1. Collect the residues in segment 140-168 that are farther than 13 Å from Lys115 by Cα and either within 15 Å of the chain's Cα centre (by Cα) or among the basic types (Lys, Arg) (or both), keeping them in residue-number order.
2. Can you tell which of Gln34, Gln46 is surrounded by fewer than 14 Cβ atoms within 10 Å (Cβ to Cβ) and within 23 Å of Phe151 (Cα to Cα)?
3. Given the conditions (1) closer than 21 Å to Lys113 by Cβ; (2) modelled with pLDDT of 95 or more, and given that Phe85 satisfies all but one, which numbered condition is not satisfied?
4. Looking only at segment 94-112, count how many residues are out of contact with any Phe, Trp or Tyr (no Cβ under 9 Å at 6 or more places or on another chain), charged (D, E, K, R) and in contact (Cβ under 8 Å) with a residue 24 or more places away in the chain.
5. Having 2 or more residues that are closer than 24 Å to Lys140 by Cβ is the bar; report the helices (runs of 4 or more DSSP H) wholly within segment 44-119 that clear it.
6. Inspect segment 98-115 for any residue being among the small types (Gly, Ala, Ser) and under 11 Å from Ile40 (Cα atoms) and give the result as yes or no.
7. Within segment 104-114, identify whether any single residue is touching a Leu at 6+ places or on another chain (Cβ under 8 Å), among the small types (Gly, Ala, Ser) and either modelled with pLDDT of 95 or more or under 24 Å from Arg13 (Cβ atoms) (or both), and answer yes or no.
Amino acid sequence: MTLTLELLQDRLREWKGLELAKTSQPVLGEGNPQAEVMFIGEAPGQREDEQGRPFVGPAGQFLNELLGTIGLKREDVYISNVVKFRPPENRDPTDEEKKLCMPWLMAEIAIIKPKIIVPLGRHALGHFFTKISITAAHGKPQMLTDDTTVFPIYHPAAALHNPALRESLYDDFKALGAFLEGMKKS
């Protein structure tokens, strides 16, 4: 049987391999299942937990705005998180939580087969490159494989807490847009 996003979602709903699964609902990614670009955040927040959808709170609204600056909509991309359940009080996910949820993210990546993976923030970036900081890497494409580029960007929530990062996010999305245009031409 071929693994589909629907089957993966069903399995995630039944999975109890993480303490967070007892206190919040699973939030798998959503969007275009054939997307060339996949955005990955760290973990669902309160609104995401309530709605069972990724990036629907203030950071998600900002992400929608940023996507619009490069001519994209949520429906054009796929959006997910490393951790599939909300950590209490929106605390950072633990290394153990990230490790236990990683097979779910890897299954999503295998199904979507994106050409560009955009880790939003340090927790998502750390899965792909452990020795690169988000501060050093944001806005700069990194080759993961011959077919996949990782394009790290600050998490939109970071700019909501630190307005000085807003300009960096707009610049990073501009660079991402130019990178996507370059891919289309080659």
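1. Within segment 140-168, Lys140, Pro152, Ile153, Tyr154, His155, Pro156, Ala157, Ala158, Arg166 qualify.
2. Gln34
3. Unmet condition: (1).
4. Residues flagged as out of contact with any Phe, Trp or Tyr (no Cβ under 9 Å at 6 or more places or on another chain), charged (D, E, K, R) and in contact (Cβ under 8 Å) with a residue 24 or more places away in the chain within segment 94-112 amount to 1.
5. Passing ranges, in order: 58-69, 95-112.
6. Scanning segment 98-115 turns up no residue that is among the small types (Gly, Ala, Ser) and under 11 Å from Ile40 (Cα atoms).
7. Yes, that holds for at least one residue.
Let's see how each residue does on (1) over 23 Å from Leu66 (Cα atoms); (2) aliphatic (A, V, I, L, M):
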site	(1), (2)
Lys113	no, no
Ile117	no, yes
Gly126	no, no
Thr135	no, no
His138	no, no
Thr145	yes, no
Tyr154	no, no
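The values are calculated or read from the model by the stated rules, or taken from the named source; none is laboratory data. Small disclaimer: the values here were computed from a predicted structure and weren't measured. A quick note on method: Cβ atoms are made from the backbone with ideal geometry, for glycine too, and the neighbour counts reach across all protein chains shown.
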